[in-house]
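K.L.:
The structure is given below, and queries will be raised subsequently.
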Amino acid sequence: GAVVSQHPSWVICKSGTSVKIECRSLDFQATTMFWYRQFPKQSLMLMATSNEGSKATYEQGVEKDKFLINHASLTLSTLTVTSAHPEDSSFYICSARDQGLHEQFFGPGTRLTVL
Amino acid sequence: KQEVTQIPAALSVPEGENLVLNCSFTDSAIYNLQWFRQDPGKGLTSLLLIQSSQREQTSGRLNASLDKSSGRSTLYIAASQPGDSATYLCAVSLRSGNTPLVFGKGTRLSVIA
């Protein structure tokens, strides 16, 4: 199957700093990628839809100025958590849809801990 | 708004037992349905994908069925093993194209040796 990578796999940062998470589709092109967030013992909740070459679409309640998304190429989307706070600590997972297979492939996730 | 519900929330069974996990969704106009496995602290592993036109999919000891009209899917695991212990997530995709998945809260399965 298609492979999606995320970097870093985990990160610990101080409150107030910014953290960038990368999501890459390694062997296919993805015009659309999705960013999800998962709190402990909860399910995945969609944060935003990342569209190559255009602005991301954010779900209700997700601050676009806090969670900056850039989809600069057909294989890369980045999520930047700006001015991170402890409540932003979570597991962030991206996915990319392979148009030809009509299936979403998920990255391994990034665990963010804000101290 | 699409809502996905999974029952039970947690399940503990002895090794070797056959088991069924349930998933229901409120809007039957889905494009496809996927079952995932998630180990603690890890990402998602796709188990089975069922297109809306299909009734079931099988992979090894796993069998997933889909009844789109009633908004239900089941994941059947045969001859369960301790290695099957994980959280199983059901997710649906609406329409076609670039739509995200809507996830259930999952079923935490423990298979006791």
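Read-outs throughout are calculated quantities, based only on the coordinates presented, and are distinct from any laboratory measurement. Quick caveat: nothing in here was measured; it's all calculated off a predicted structure. Cβ placement follows ideal geometry from the backbone for every residue including glycine, while neighbour counts extend to all protein chains displayed.
K.L.:
Please list, short to long, the whole-number percent of alpha-carbon pairs of the range A:6-65 in consecutive 5 angstrom bins beginning at zero.
P.N.:
4, 13, 19, 26, 24, 11, 3, 0
K.L.:
Can you give the net charge of the other residues whose Cβ lies under 15 Å from the Cβ of B:GLN6, counting K and R as +1 and D and E as -1? Spell out each step's value before the answer.
P.N.:
Details: positive: A:LYS41, B:ARG37, B:ARG72, B:LYS105, B:ARG108; negative: B:GLU3.
Computed value for this residue: +4.
K.L.:
Quickly rank A:73-83, B:73-83, B:54-64 as a protection proxy: mean count of other C-beta atoms within 10 Å, highest first.
P.N.:
Numbers: A:73-83: 18.5, B:73-83: 16.2, B:54-64: 14.4.
By packing density, highest mean first, the sequence is A:73-83, B:73-83, B:54-64.
K.L.:
Starting with the highest mean, order B:4-12, A:39-47 by the number of other Cβ atoms within 10 Å, averaged over the residues of each peptide. Show your work: numbers first, answer last.
P.N.:
On the way: B:4-12: 14.9, A:39-47: 16.7.
The densest-packed peptide leads the list: A:39-47, B:4-12.
K.L.:
Under the Kirkwood approximation for Rh and a Cα-based Rg, what ratio Rg/Rh is obtained for the protein assembly as shown?
P.N.:
Numbers: Rg = 17.6 Å, Rh = 18.1 Å.
Here Rg/Rh amounts to 0.97.
K.L.:
If you plug each phi of the range B:79-89 into the Karplus form 6.51 cos²θ - 1.76 cosθ + 1.60 with θ = phi - 60°, what whole-Hz ³J(HN,Hα) values come out, in order, with x for Gly and Pro?
P.N.:
6, 4, 10, x, x, 7, 4, 4, 9, 10, 10
K.L.:
Something else: For chain B, build the charge dipole from Cβ charges (+1 Lys, Arg; -1 Asp, Glu) around the Cα centre, then report which of B:ILE50, B:VAL20, B:GLN2 sits farthest towards its positive end.
P.N.:
Working it through, the farthest residue towards the positive pole turns out to be B:GLN2.
K.L.:
What ranking do B:GLU15, A:GLU87 get, fewest neighbouring Cβ atoms within 10 angstrom at the top?
P.N.:
Details: B:GLU15 13, A:GLU87 9.
Lowest to highest Cβ neighbour count: A:GLU87, B:GLU15.
K.L.:
Hey, in the protein assembly as shown, which Cys have no second cysteine's beta-carbon closer than 4.7 Å?
P.N.:
So, A:CYS13.
K.L.:
Do the alpha carbons of any pairs in A:LYS41/B:LYS105; A:LYS14/A:LYS66; A:LYS20/A:LYS64; A:LYS66/B:LYS42 sit beyond 18 Å of each other, and which pairs? Let's see the in-between values first.
P.N.:
On the way: A:LYS41/B:LYS105 8 Å; A:LYS14/A:LYS66 16 Å; A:LYS20/A:LYS64 14 Å; A:LYS66/B:LYS42 25 Å.
Where the Cα-Cα span goes over 18 Å, the pairs concerned are A:LYS66/B:LYS42.
K.L.:
Let me ask another. In peptide B:41-52, what is the residue-averaged number of other protein chain Cβ atoms found within 10 Å of each Cβ?
P.N.:
4
K.L.:
With an 8 Å Cα cut-off and a minimum separation of 6 or more residues, compute the relative contact order for chain B in percent. Let's see the in-between values first.
P.N.:
Working: 290 pairs, mean separation 41.5, N = 113.
That works out to 37 percent.
K.L.:
What nm distance separates the two modelled labels at A:LYS14 and A:LYS41, each placed 7 Å from Cα along Cα→Cβ?
P.N.:
Result: 3.3 nm between the two label points.
K.L.:
Evaluate peptide A:39-46: per residue, the Cβ atoms of other protein chains within 10 Å of its Cβ; return the mean as an integer. Please list the in-between numbers first.
P.N.:
Values: counts 0, 2, 6, 3, 12, 12, 2, 4.
Shielding by partners across A:39-46 averages 5.
K.L.:
Within a 10 angstrom radius of each residue's Cβ in A:90-97, how many Cβ atoms of other chains show up on average? Whole number is fine. Walk me through the numbers on the way to the answer.
P.N.:
Details: counts 0, 4, 0, 3, 1, 4, 0, 6.
So the per-residue partner count for this stretch is 2.
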